[in-house]
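Notes for the one structure printed next.
The values are calculated or read from the model by the stated rules, or taken from the named source; none is laboratory data. What you see is a predicted model, and the numbers here were worked out from it, not measured in a lab. Cβ coordinates were reconstructed from backbone atoms using ideal geometry, including for glycine residues, and neighbour counts include every protein chain displayed. Each accessible area value is taken on the protein alone, full model and side chains, heavy atoms only, with ligands, DNA and RNA left out. Shrake-Rupley method; radii C 1.70, N 1.55, O 1.52, S 1.80 Å.
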Amino acid sequence: MSGSSLRERLAGLGAWLDSRLGLADLWEVARHKEVPVHRHTVWYYFGGMTLFLFVVQVCTGVLLLFYYRPSADEAFESVQFLMAEVQFGWLIRSIHAWAANLMIFTLFLHFFSAMMLRAYRRPREITWLSGVGLLGLALGFGFTGYLLPWNELAYFATKVGTQIVGVVPLVGRFLLRVLRGGEEVSGATLTRFYAVHVALLPAAALAILGLHLYLVQKHGMSVPPDVERTGAPVPRMRFVPNFLLRDLVGWLAALAALAALAAFFPAELGGKADPFASAPAGIKPEWYFMFTFQTLKLLPPHILGLEGEMVGVLAFGVAGLLVLLIPLFDRPAAPGEPRRLITWIGIGLILYIVVLTYLGYTESPTK
Ligand code: HEM
């Protein structure tokens, strides 16, 4: 086959794919996408960073599935085998564990920056709602994934975590039984958490993420009110290649950080879960649940005649709902008038999370 005929054939294949997939339309969209450049532009990188880490989670998670066995008899042993016998098994598991933590960290940064920069305002209300949904799903991934190695620490942390769900008024007992697959944390809980972790949550995350990214594309990136208020024209950077190449630098740095963390601090396993053993000292949730756990611990046993823990759980529910509804009650101020309430709420929330997390790690974390 001559070189030119190969080139012609490739060009023909390209034209055929384009006519079937509409690649040229996609390219047009990417070519016209622009990102505003101002003093808060750095915050635009964290959504992309979270997306990158999510992709790492999907890839490493699928690899883990090749060896993982979701039953109380075999889960711990299958992870032990993966860590000790499978080539690079320890690396894949450690990257999955570290990337989960990094993803939730960058997700918190993305969430708080969208809040502080008022990116949820018209017409981006649904972008915000879908984002809160993704935050809930990410926490769900963390909670269900923690149990899967079926080790001692995970077993008791799940016991405490599901117990907290049990104090929700009216539906608490029901929710607890649905989550645990019975009254106690058992092999049935592991099977459920596995189904939720590898099927339900990924399906929901992909659907909501698709909506989120579509809306980001449709509305473009917002310009924060304090930049808009200056009245000066806002310069723009082309997404392809300028912004995307900067994104790539961040993703490569994240990959290097993940490799280093996984190599120097590989994920631990500890001992196998034993439902009949007493809870070991030092049971603590993942860091991103620590502030809720610590809050419940510090509450008095009774508040206004109600169980203290129940009041705490209800308060977190109401706070979550208010966060979801921020776009409805934060209306833009009159032109030229700065509005600081949401900024103060954001700063208050960050301080609350940091202080309670610190207390959680420095005080005895067992309950
Ligand atoms: C798996 C989770 C998430 C992923 C992968 C993701 C991804 C992205 C990406 C790639 C962008 C465009 C670039 C950027 O603004 O950083 C974006 C924008 C946005 N995201 Fe997210 N996001 C997630 C969760 C969230 C959460 C938890 C919220 C808030 C509740 C949120 C709210 C927004 C908003 C309002 C925008 C538009 C920003 C603007 O126009 O200035 N997202 N997201």
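Only residues that are more than 20 Å from Phe316 (Cα to Cα) and assigned to a helix (DSSP H, G or I): list them for segment 112-143, please.
Selection gives Ser113, Ala114, Met116, Glu125, Ile126, Thr127.
Out of the helices (runs of 4 or more DSSP H) lying entirely within segment 1-110, which hold 3 or more residues that are at pLDDT below 95 and either away from the ligand (no atom under 15 Å from the Cβ) or open to solvent by 50 Å² or more (accessible area, probe 1.4 Å) (or both)?
Filter on segment 1-110 gives 3-21, 23-32.
Please enumerate the residues belonging to segment 115-137 that are closer than 19 Å to Leu53 by Cβ, of a type in the set (A, V, I, L, M) and touching a residue at least 40 places away in the same chain (Cβ under 8 Å).
Across segment 115-137, the qualifying residues are Val132, Leu134, Leu137.
Which residue out of Thr106, Thr189, Thr162 is closer than 17 Å to Val313 by Cβ and hydroxyl-bearing (Ser, Thr, Tyr)?
Among Thr106, Thr189, Thr162, only Thr162 is closer than 17 Å to Val313 by Cβ and hydroxyl-bearing (Ser, Thr, Tyr).
From the list Val171, Val167, exactly one residue is more than 8 Å from the ligand (Cβ to nearest atom), free of Cβ contacts under 8 Å to residues at least 40 places away in the same chain and over 22 Å from the mean Cα position of the chain (by Cα). Which is it?
None of the other options fit; the residue is Val171.
Can you find, within segment 224-254, the residue that is nearest to Ala114 (Cα to Cα) among those that are open to solvent by less than 50 Å² (accessible area, probe 1.4 Å) and of a type in the set (A, V, I, L, M, F, W, C)?
Step by step, filter segment 224-254, then rank; the result is Val227.
Residues of segment 180-238 being among the polar types (S, T, N, Q), more than 16 Å from the ligand (Cβ to nearest atom) and more than 21 Å from Gly61 (Cβ to Cβ), which ones?
Ser186, Thr230
Among the residues in segment 303-311, are any in contact with a helix residue (DSSP H, G or I) (Cβ under 6 Å, 6 or more places away or on another chain) and without any contact (Cβ under 8 Å) to a residue 12 or more places away in the chain?
yes
Can you tell me which residue in segment 138-153 is farthest from the ligand (Cβ to nearest atom), limited to those that are at pLDDT 95 or above and open to solvent by 30 Å² or more (accessible area, probe 1.4 Å)?
The selected residue is Tyr146.
State which residue is nearest to Leu349 (Cα to Cα) when the search covers only segment 111-133 and only residues that are near the ligand (Cβ under 6 Å from one of its atoms) and among the small types (Gly, Ala, Ser).
The qualifying residue nearest to Leu349 (Cα to Cα) is Ala114.
Every residue in segment 123-136 that is surrounded by fewer than 17 Cβ atoms within 10 Å (Cβ to Cβ) and within 15 Å of Phe108 (Cβ to Cβ), please.
Scanning segment 123-136 gives a single hit, Gly136.
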